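Participant: The structure's right below; bear with me while I get my questions together.
Bear in mind these aren't lab numbers, they're just calculated from the coordinates by the rules spelled out. Because the structure is predicted, anything quoted here is derived from the model rather than measured. Positions of Cβ are backbone-derived with ideal geometry, glycine not excepted, and every protein chain shown enters the neighbour counts.
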Amino acid sequence: MSIIEEWYWQDFEEVGSTNDEAKLLAQSDNYDRFVVTSKKQSSGRGRRGREWIAIEGNLFASFGLKIDAKYIGELSFIVSLSALEMLKEYNYNLNVKLKWPNDVLVNDKKISGILIEREGSFFIIGIGINVIDYPKNVDLLYDAISMKDVNIQSDRLDVLNKYIKHLNHCLSEWDANGFEIIKQKWLDNAKSLGKEIIVKFENDEKKGLFSGVDDNGYLLLDIDGSIEKIYAGDVFYI
Ligand code: BTN
């Protein structure tokens, strides 16, 4: 246990899900900002009820932040933009893009996933980053890649420290200047803005032009000239 730049930090050897440990810490209400990490994670969760397969050496971190629930959309962009900026710190020329709602892609493949949950007055922001590897021989919804695959040699704690630095920076910028600048930066780095995408739902899918995001975090899909707001779904590029 220690404090990393004003974040209370707990690192475990093994947990089920760092999001669950973070929820327990949120219930104790001892810290307004904290981060829980673990070397191993036996039942990691992904978005929309999926599993997140945890390979030892990758980063599994869950941040607890006491923020009003109405900011869910804004926060989602802040945490993914911070991951993009962290990766650019390792290599400014890296081909990093953001994918709605909060995935981070390198060379069009998923390098990081984020799961945001709520516990009392806290957001629990779980982030998985493929530092050294990604699951092979399993059916992944999206192609994956690791930092090591693009010649970034690092380890989970260095990635954590750099991520926290960028998260602090984005949170301060949000605090000082509001959401507009964050949203614009997110859109500047979004993959396929203005292009055709498919959004898949449980039993349905919609095709349209990816025309932006709104302040609530909804994806704006232009279907034959009328804008539809999408709250949840899986984006695929054409
Ligand atoms: C996704 O892309 O589906 C989101 C994946 C989120 C995975 C991280 S790993 C740390 C934290 N603990 C979990 O159980 N899930 C998140």
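Participant: With a ≥ b ≥ c taken as the square roots of the eigenvalues of the C-alpha gyration tensor of the range 49-188, please select rounded if a/c is under 1.5 and otherwise prolate if a/b is larger than b/c or oblate if it is not?
Facilitator: Cα axes put the range 49-188 in the prolate bin.
Participant: How many percent of DSSP beta bridges within the range 9-65 run antiparallel, rounded to 5?
Facilitator: Rounded to the nearest five, the antiparallel share is 50 percent.
Participant: Something else: Can you check what the net charge comes to around Tyr218, using other residues whose Cβ is under 11 Å from the Cβ of Tyr218 (Lys, Arg +1; Asp, Glu -1)?
Facilitator: Here the count lands on -2.
Participant: Let me ask you something else. Percent of alpha carbon pairs in the range 1-94 separated by more than 18 Å?
Facilitator: Roughly 55 percent, once rounded to a whole number.
Participant: With +1 on each Lys and Arg Cβ and -1 on each Asp and Glu Cβ, and nothing else charged, work out how big the dipole of the chain is about its Cα centre, in Debye to the nearest 20.
Facilitator: 380
Participant: What are the residues whose amide H is under 5 Å from the amide H of Gly44, where those residues sit 5 or more places off or on another chain and H is modelled from the backbone?
Facilitator: Under 5 Å from the amide H of Gly44: Trp52, Ala54.
Participant: Just flag the trypsin sites (Lys or Arg not before Pro) in the range 99-130 sitting in loop per DSSP whose Cβ has no more than 11 other Cβ atoms within 10 Å.
Facilitator: Of the trypsin sites (Lys or Arg not before Pro), not one in the loops of the range 99-130 has a Cβ with at most 11 other Cβ atoms within 10 Å.
Participant: If you average the alpha carbon positions of the range 130-149 and of the range 164-238, how far apart do those two centres end up, in angstrom?
Facilitator: With the range 130-149 and the range 164-238 each reduced to a Cα centre, they are spaced 23 Å.
Participant: Still on this structure, please answer the following. Work through the residues other than Glu74 whose Cβ is under 12 Å from its Cβ and net out their charges, Lys, Arg +1 and Asp, Glu -1.
Facilitator: With Lys, Arg at +1 and Asp, Glu at -1, the net is -4.
Participant: Taking the chain, how much of its Cα-Cα pair set, in percent, is spaced more than 29 angstrom apart?
Facilitator: Tail of the P(r) past 29 Å holds 24 percent of the pairs.
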